[in-house]
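Asks: Structure below; questions to follow.
The values are calculated or read from the model by the stated rules, or taken from the named source; none is laboratory data. No experiment lies behind these values; they were computed from the predicted model shown. In this analysis, Cβ positions are derived from the backbone assuming ideal geometry, glycine residues included, and neighbour counts consider all displayed protein chains.
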């Protein structure tokens with residue numbers, strides 16, 4: 001309802017009350033006036049009858065009627081016998097009769113004349129004046145109501161709008177102040193004008209209520225964004241933080257993102273219980289938090305049950321390698337104390353503010369899979385961002401499964417070989433077989449991620465069988481039986497009983513070729529199950545093939561390892577061989593390892609040899625063979 005309507009209704013109600021009061025007062029006044037006039041006429045009539053000496057009563061009656069105005073005049077004798085009677089046929093409307101206030105007939109007795117005079121005076125002039133005055137008052141009242149209502153509503157509407165705007169501005173300022181200073185509880189009084197004192201009180205209560213709600217909202221926000229077990233921010237907090245960082249540093253931000261996966265959580269929960277699993281998670285969280293305290297703006301998040309994200313802005317990949325090595329050392333120490341098989345693996349990717357978070361997490365996940373194929377608690381830096389341009393990688397595990405199945409069903413693998421150059425003619429060295437897998441679209445899949453995903457999706461045993469079959473077939477078809485070839489095997493395969501049985505039968509079937517094969521297995525893979533590894537190596541030696549331990553030197557191998565497993569070759573990890581000409585410590589360590597290996601009849605190979613200086617240094621320390629791009633690139637088998 002509009003302001004005008006509200007004011008009009010209020011004014012009409014007031015006018016009605018005013019009219020009722022006016023009519024009540026006027027009726028009482030008019031009634032009193034008529035009564036007084038009746039009494040005055042009664043006195044005058046008494047005097048007239050007392051002085052009348054005639055006996056013509058009818059004539060007397062007519063004289064009275066002519067002398068005065070009557071509405072009604074009745075004259076009777078004392079016995080109530082009528083002498084004269086008159087009644088006004090067209091009297092003026094007498095509203096007093098509506099209120100039962102009309103005076104009754106006045107009665108006068110005159111004993112001298114022996115008559116009763118009953119009369120009611122005529123008040124037409126009085127009523128006419130009264131009606132005129134009343135009509136005028138009503139019209140004036142109506143005009144005052146209409147004009148007053150219009151003026152009042154106009155003024156009130158303008159005042160209300162101005163007051164409303166002022167109050168709205170004040171309230172808006174208070175709300176902004178409450179939001180921006182939600183922790184400030186010093187004042188709960190709003191600065192509204194004094195005429196709005198009641199509003200001020202209500203809004204003060206509202207401010208207290210809003211402040212309390214903000215506090216509860218903050219508590220809920222903390223609950224929603226904080227992992228209760230570790231006290232770290234959770235995945236939601238990580239997503240928000242990453243979005244804000246990339247928005248603020250869209251063109252200038254750089255750094256690394258490390259995803260750390262607690263590999264033993266499921267086993268610990270099943271074997272030792274969830275309480276022990278919680279302690280394990282908290283310990284890993286503490287290691288990560290300790291590791292980043294020296295980096296400005298570094299943050300650690302717990303993404304899910306087993307995964308942590310470490311955000312290190314403004315650092316390069318070289319520094320990230322150092323962080324990865326330090327994490328591995330800390331995890332190794334914790335592993336020995338807790339007697340776990342492993343602790344955690346880390347995938348490291350370069351921060352790219354132009355790339356969606358999902359793609360970076362996909363790269364990190366692939367890096368973790370690759371790290372898990374190396375030594376315990378290892379890390380891997382995924383720099384090959386072309387993986388994300390490949391449909392099979394960017395769309396996740398489902399497409400990887402599709403492509404891996406396609407490779408297995410269609411034997412879609414090409415074999416390359418890379419020579420291992422011997423240091424002398426007497427050394428019997430071999431060519432390493434390198435596999436290249438082709439997708440259903442005819443594109444070459446990246447080998448390291450392909451192997452990592454096959455491992456993750458439990459397809460690696462079938463891939464190993466495929467490579468072995470392909471190698472044996474091509475050796476026979478190309479008549480390469482005079483050469484020796486090395487084939488890489490996964491840890492999963494060498495500890496798979498069915499695979500070991502199959503491989504033994506397959507090698508016995510082509511015994512001549514089997515004697516020319518060397519199976520390369522990572523040191524980490526052999527350490528995972530010494531008994532199973534020993535059984536596998538014994539089988540390989542029975543069929544006339546040989547064993548090479550690759551990535552040697554990065555684990556915690558003891559000298560007992562050589563006596564129990566008796567490998568034929570060890571291939572030193574690239575961390576020992578790169579820039580060997582400048583590293584005296586590594587030279588000394590390699591001399592010791594070569595001397596020990598030669599005493600046990602084991603040949604030592606250096607990998608990642610990329611320069612003439614490195615090759616010369618290896619020759620000086622009597623390395624049996626060297627492998628690297630400097631000596632020979634992979635070629636078709």
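Asks: If you scan region 313-327, which residues turn out to be surrounded by fewer than 17 Cβ atoms within 10 Å (Cβ to Cβ) and within 28 Å of the chain's Cα centre (by Cα)?
Replies: Hit for region 313-327 is 314, nothing else.
Asks: Is it true that residue 138 is surrounded by 13 or more Cβ atoms within 10 Å (Cβ to Cβ), part of a helix (DSSP H, G or I), more than 60 Å from the chain's Cα centre (by Cα) and modelled with pLDDT under 75?
Replies: Spelling it out, it is not the case that residue 138 is surrounded by 13 or more Cβ atoms within 10 Å (Cβ to Cβ), part of a helix (DSSP H, G or I), more than 60 Å from the chain's Cα centre (by Cα) and modelled with pLDDT under 75.
Asks: Residues that are under 11 Å from residue 118 (Cα atoms), more than 60 Å from the chain's Cα centre (by Cα) and at pLDDT 80 or above: does region 34-42 have at least one? Spell out how you get there, then give the answer.
Replies: Of all residues in region 34-42, those under 11 Å from residue 118 (Cα atoms) come to 42.
Going one step further and asking which of them are more than 60 Å from the chain's Cα centre (by Cα), we end up with 42.
With the extra rule that they be at pLDDT 80 or above, the set shrinks to 42.
For region 34-42, residues under 11 Å from residue 118 (Cα atoms), more than 60 Å from the chain's Cα centre (by Cα) and at pLDDT 80 or above: present.
Per-residue answers, yes or no, for (1) within 27 Å of residue 550 (Cβ to Cβ); (2) modelled with pLDDT under 85; (3) not assigned by TED's automatic domain parsing to the domain that holds residue 492:
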{"residue": "337", "(1), (2), (3)": "no, no, yes"}
{"residue": "349", "(1), (2), (3)": "yes, no, yes"}
{"residue": "358", "(1), (2), (3)": "no, yes, yes"}
{"residue": "372", "(1), (2), (3)": "yes, yes, yes"}
{"residue": "378", "(1), (2), (3)": "yes, no, yes"}
{"residue": "409", "(1), (2), (3)": "no, no, no"}
{"residue": "415", "(1), (2), (3)": "yes, no, no"}
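Asks: Please go through region 226-256 and give me each residue that is over 21 Å from the mean Cα position of the chain (by Cα) and either within 19 Å of residue 364 (Cβ to Cβ) or part of a helix (DSSP H, G or I) (or both), ordered by number.
Replies: 253, 254, 255, 256
Asks: Could you tell me whether residue 362 is modelled with pLDDT under 90, over 26 Å from residue 571 (Cβ atoms) and assigned to a helix (DSSP H, G or I)? Working first, answer last.
Replies: Values: modelled with pLDDT under 90: yes; over 26 Å from residue 571 (Cβ atoms): yes; assigned to a helix (DSSP H, G or I): yes.
Spelling it out, residue 362 is indeed modelled with pLDDT under 90, over 26 Å from residue 571 (Cβ atoms) and assigned to a helix (DSSP H, G or I).
Asks: Which condition from (1) under 25 Å from residue 225 (Cβ atoms); (2) more than 26 Å from the chain's Cα centre (by Cα) is the one that residue 332 breaks?
Replies: (1)
Asks: Related question: Six or more apart or on different chains, Cβ atoms under 7 Å: show the pairs whose first residue is in region 42-60 and in contact (Cβ under 8 Å) with a residue 40 or more places away in the chain and whose second is surrounded by 10 or more Cβ atoms within 10 Å (Cβ to Cβ) and in a helix (DSSP H, G or I).
Replies: So the pair list comes out as 52/60.
Asks: Hey, another quick one. If you go through region 50-57 one residue at a time, do you hit one that is assigned by TED's automatic domain parsing to the domain that holds residue 26, closer than 29 Å to residue 127 by Cβ, at pLDDT 75 or above and surrounded by 10 or more Cβ atoms within 10 Å (Cβ to Cβ)? Full working, then the answer.
Replies: First pass over region 50-57, keeping only residues assigned by TED's automatic domain parsing to the domain that holds residue 26: 50-57.
From what is left, the residues that are closer than 29 Å to residue 127 by Cβ are none.
There is no residue in region 50-57 that is assigned by TED's automatic domain parsing to the domain that holds residue 26, closer than 29 Å to residue 127 by Cβ, at pLDDT 75 or above and surrounded by 10 or more Cβ atoms within 10 Å (Cβ to Cβ).
Asks: Could you list all residues from region 331-376 that are buried (at least 20 other Cβ atoms within 10 Å of the Cβ), without any contact (Cβ under 8 Å) to a residue 40 or more places away in the chain and within 20 Å of residue 285 (Cβ to Cβ)?
Replies: Scanning region 331-376 gives a single hit, 371.
Asks: Return the pair list, or none, for Cβ contacts closer than 7 Å from residues in region 553-573 that are closer than 15 Å to residue 618 by Cβ to residues that are modelled with pLDDT under 70, at least 6 apart or on different chains.
Replies: 573/554
Asks: Another question, if that's okay. Being in contact with a helix residue (DSSP H, G or I) (Cβ under 9 Å, 6 or more places away or on another chain) and outside any loop (DSSP other than H, G, I, E, B) is the filter here; which residues of region 519-530 pass it? Outline the logic, then answer.
Replies: Step one: filter region 519-530 for residues in contact with a helix residue (DSSP H, G or I) (Cβ under 9 Å, 6 or more places away or on another chain), giving 519, 521-530.
Across region 519-530, the qualifying residues are 519, 521, 522, 523, 524, 525, 526, 527, 528, 530.
Asks: Hey, residue 330 hits all of (1) farther than 19 Å from residue 340 by Cβ; (2) out of contact with any strand residue (DSSP E or B) (no Cβ under 7 Å at 6 or more places or on another chain); (3) in a helix (DSSP H, G or I) but one; which does it fall short on?
Replies: So residue 330 meets the others, but not (1).
Asks: Cβ contacts < 6 Å: first residue under 11 Å from residue 610 (Cβ atoms), restricted to region 578-590; second residue surrounded by 11 or more Cβ atoms within 10 Å (Cβ to Cβ), any location; separation 6+ or different chain. Result?
Replies: If the second residue must be surrounded by 11 or more Cβ atoms within 10 Å (Cβ to Cβ), the pairs left are 578/608; 580/586; 580/614; 580/617.
Asks: Next question, about the same structure. Does residue 30 fit the bill of being within 25 Å of residue 126 (Cα to Cα) and surrounded by 17 or more Cβ atoms within 10 Å (Cβ to Cβ)? Write out each step before concluding.
Replies: Values: within 25 Å of residue 126 (Cα to Cα): yes; surrounded by 17 or more Cβ atoms within 10 Å (Cβ to Cβ): yes.
Taking the combined requirement at face value, the residue satisfies it.
Residue-by-condition table, conditions (1) in contact (Cβ under 8 Å) with a residue 24 or more places away in the chain; (2) surrounded by fewer than 20 Cβ atoms within 10 Å (Cβ to Cβ):
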site: 239; (1), (2): yes, yes
site: 243; (1), (2): yes, yes
site: 250; (1), (2): yes, yes
site: 254; (1), (2): yes, yes
site: 275; (1), (2): no, yes
site: 300; (1), (2): yes, no
site: 306; (1), (2): yes, yes
site: 311; (1), (2): yes, no
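Asks: Still on this structure, I have one more. Could you check, for region 580-592, whether at least one of its residues is assigned to a helix (DSSP H, G or I), in contact with a strand residue (DSSP E or B) (Cβ under 8 Å, 6 or more places away or on another chain) and in the same structural domain as residue 483 (by TED's automatic domain parsing)? Before you say what the answer is, go through the steps one by one.
Replies: So in region 580-592, the residues assigned to a helix (DSSP H, G or I) come out as 580-582, 584-592.
This time we only want the ones that are in contact with a strand residue (DSSP E or B) (Cβ under 8 Å, 6 or more places away or on another chain), so: 580, 590.
From the residues that got through so far, the ones that are in the same structural domain as residue 483 (by TED's automatic domain parsing) too are 580, 590.
Yes, that holds for at least one residue.
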